[in-house]
Structure formats: C-alpha cells, structure tokens
Amino acid sequence: MKLRAVNSLVLAALVMLMGLAVASACATTPRKSTPASAASAPGNTTQDDTMRLEGEKRFRANCARCHAAPSKFPPRMMGTIVRHMRVRAMITDEDMRLILHYMTE
C-alpha cells in the first residue's frame with residue numbers, strides 16, 4: 001500500500017515537472033547573442049560539436065528508450081530534469097553533463 005502511494009506521488013511530481021517544462025517552453029525569453037569573436041573560435045566550435053554529438057549518443061543510449069527528444073528548454077530547467085532522471089536512469093555524472101550540453105545547445 002505504501003509503495004502505491006509513493007508511486008502515485010512520484011507520478012504526480014513528474015506530471016507537474018513536465019507541465020512546468022511545457023509552460024516554460026511556451027514562454028518567450030530573449031536569448032543573449034554571442035559575440036562574433038567567441039562564435040568563430042575554431043577550437044570552441046570543434047569541442048562544442050564533439051560534446052553535442054557525444055551527448056546525443058548518450059541521450060539515445062540512455063534516455064531514448066523511454067523518451068523522445070523534447071524541444072529545447074532553458075538550461076536551468078533542463079538541468080533540473082536531467083539531474084532528476086540521472087538517479088532513475090543511473091547514468092554517470094559525465095553522461096549527465098554531456099546530455100545536458102546536447103539538450104541545451
């Protein structure tokens with residue numbers, strides 16, 4: 001009986017979290033533009049691309065079993081979601097960091 005109550009509570013929390021995620025995605029927030037010098041640095045672009053691709057691979061390996069890739073959320077919200085799912089999916093800190101990079105770029 002206690003397990004059923006805990007499961008219901010967890011389900012309710014996930015529904016609320018996803019509701020917040022959808023509401024936040026609908027809100028329009030201005031993005032800061034990056035300076036041209038930072039965007040054109042070849043070392044950063046290559047490293048960012050590598051991290052994004054590795055994050056996508058890890059998302060597909062760990063998250064895509066249950067979830068489709070959502071639309072892009074603000075980094076703060078995505079960080080909360082990924083930290084929550086890290087415990088449930090038992091992914092490493094590095095996996096979490098790379099998935100978070102992929103989901104917020």
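The values are calculated or read from the model by the stated rules, or taken from the named source; none is laboratory data. What you are looking at is a predicted structure, and each value in this text was computed from that prediction instead of being measured. Please note: Cβ atoms are built from the backbone with ideal geometry, for glycine as well, and neighbour counts cover all protein chains shown.
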Looking at segment 29-84, which of its residues are among the aromatic types (F, W, Y) and modelled with pLDDT of 85 or more?
-> F59
Segment 70-94 residues that are over 16 Å from T104 (Cβ atoms), paired with ones that are of a type in the set (D, E) and modelled with pLDDT of 85 or more (beta carbon under 9 Å, 6 or more apart) | A89/D95
Enumeration of residues in segment 56-105 that are touching a Phe, Trp or Tyr at 6+ places or on another chain (Cβ under 8 Å) and within 21 Å of T45 (Cβ to Cβ) | E56, R58, F59, I99, Y102, M103, T104
